[in-house]
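Okay, structure first, notes after.
The values are calculated or read from the model by the stated rules, or taken from the named source; none is laboratory data. Quantities reported herein were computed from a predicted structural model and do not represent experimental measurements. Here the Cβ positions follow ideal geometry from the backbone for every residue, glycine too, while neighbour counts run over all protein chains shown.
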Amino acid sequence: MSKCDDIRGRLTLYLDDELQGMERAAVEVHLSECESCAAIFERELNFLNIVRESGQLYAAPPELRAKVQQILRPRRSSRMSWMVAAAAGLLVLLLPVVMWRVVKQPNQPENGPACSFALMAAETHLRHVGGQLPLEVESTSPQHISEWFVNKVNFSVKLPNYQESSGQEKLYELEGARLVNFKTDYAAYVAYQMKERPISLVITSASGVEPTGGEVIAAGGLKFHYNAIDGLKVLTWSDRGLTYALVSDLEERGQQSCIVCHQGTKDQSFIEPLKPH
Amino acid sequence: MEHIDSLYGYALALTRDATEAEDLVQETYVRAASSANRPETDSNLKGWLFVIMRNAWLNHLRHRNSGPRFVELELVEPSTGEAQGNPHVVYLRKLERQQVREAIESLPDAYREIVVLRDIEGFSYQEIATVLDCPAGTVMSRLGRARGRLRKMLEPRIRRIDLRIG
């Protein structure tokens, strides 16, 4: 068997990521040296990409989601749900204050990978941007979106209207929302646009989710974890039983990313300490 | 719930019937929720759910006499992302996706199932072998035949679309 026959016999395994180590390297070396095998590889890769890019073929209908949620729900105690809802309500009321009253504190570097929720949020952001996760409700009204989540998630979502309430210059705009799956329940997904660039906010009440890794920003008694995942900036934090993830491809990093959305604030005493000196 | 869309897609590939697919997804979650053998890590959860679904489906087939029914199914259409591109290219890409989906739908059951598991859901050969309860070698050969059939159906159409885009 010629070298070309041998490599062509392994192309499918290579394209399916089923070759490791020396076998994988041997295919790559040959493809870099042999034009005819490289052409076959390109053709096969193009075909597989077209099939794979057809993406998720179907989405489960909302009625089915609701039924499955009922199947999974009995394991959660009703008392706990009430407490989470109450804590969530408090949090969303306090969130604007927390986000605005960031006090500059030394950042603590932290090793270790990002938590599964941060990874899910980044993947969700990419899938939404790629058109695989269309919004279930489209609106620029925080109130409308907040009402849409009622009875869909087991916590209260009340999106603050920072810009109008604070007199902040309008830098970003709400687009809409949808439900996304995380662990055994729904998480709330909210999409924003800023200068035509997408920003995603994901909120979950799932237990055992603890933001980890990346750069730690201490602010307002909370710890914000800033991770870079697949070229995206992901900020995660937990408070009162809920965990939040904010995903964007904005260039700013760490606490500078807070300034991006809040730079129009009139409260310069808050924003000044965050700026680089 | 994070795998419900994947499970629903796989259920449709198995049943070709929206109502039966919904029932199958529910049965899968009921079985999973009452199982004491839940995987310890989330990375194994998806494969485990697929195994449960397939076993539930095979069990169902053993107890029924009628063949599968065929109905019009509602496809997911990406609504954003491409919207800012050239409208003609967006249209052709949409057409291409539609044709790929139709081609997958028209494959024989075993071929459709393996293409969904590998190329849509991204399972490895070994994971597919576990779901299908067959040797990995069978996965490779069946996948090769399924893709061959798919390529034959799609190549002329894809070439036409590329010419129009180019």
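Is it the case that the range B:109-125 has a residue that's among the acidic types (Asp, Glu), assigned to a helix (DSSP H, G or I), under 22 Å from B:ARG16 (Cβ atoms) and more than 8 Å from chain A (Cβ to nearest Cβ)? Checking the range B:109-125: at least one residue is among the acidic types (Asp, Glu), assigned to a helix (DSSP H, G or I), under 22 Å from B:ARG16 (Cβ atoms) and more than 8 Å from chain A (Cβ to nearest Cβ). The criterion of being polar (S, T, N, Q), modelled with pLDDT of 80 or more and closer than 30 Å to A:LEU72 by Cα does not hold for A:THR184.
Here B:GLU121 clears all of (1) surrounded by 17 or more Cβ atoms within 10 Å (Cβ to Cβ); (2) more than 21 Å from B:ALA56 (Cβ to Cβ); (3) of a type outside the set (A, V, I, L, M) except the condition numbered (2). The residues in the range A:1-55 that are aliphatic (A, V, I, L, M), in a helix (DSSP H, G or I) and more than 17 Å from B:LEU143 (Cα to Cα) can be counted, and the count is 10. Taking the range A:188-267 as the region of interest, the strands (runs of 3 or more DSSP E) fully inside it that hold 3 or more residues being touching a Gly at 6+ places or on another chain (Cβ under 9 Å) and modelled with pLDDT of 75 or more are A:222-229, A:232-239.
The rows are residues; the columns are (1) at pLDDT 75 or above; (2) surrounded by 14 or more Cβ atoms within 10 Å (Cβ to Cβ); (3) outside the structural domain of A:LEU135 (by TED's automatic domain parsing).
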| site | (1), (2), (3) |
| --- | --- |
| A:ILE7 | yes, yes, yes |
| A:LEU31 | yes, yes, yes |
| A:GLN69 | yes, yes, no |
| A:SER78 | no, no, no |
| A:ALA88 | no, yes, no |
| A:VAL92 | no, yes, no |
| A:PRO106 | no, no, no |
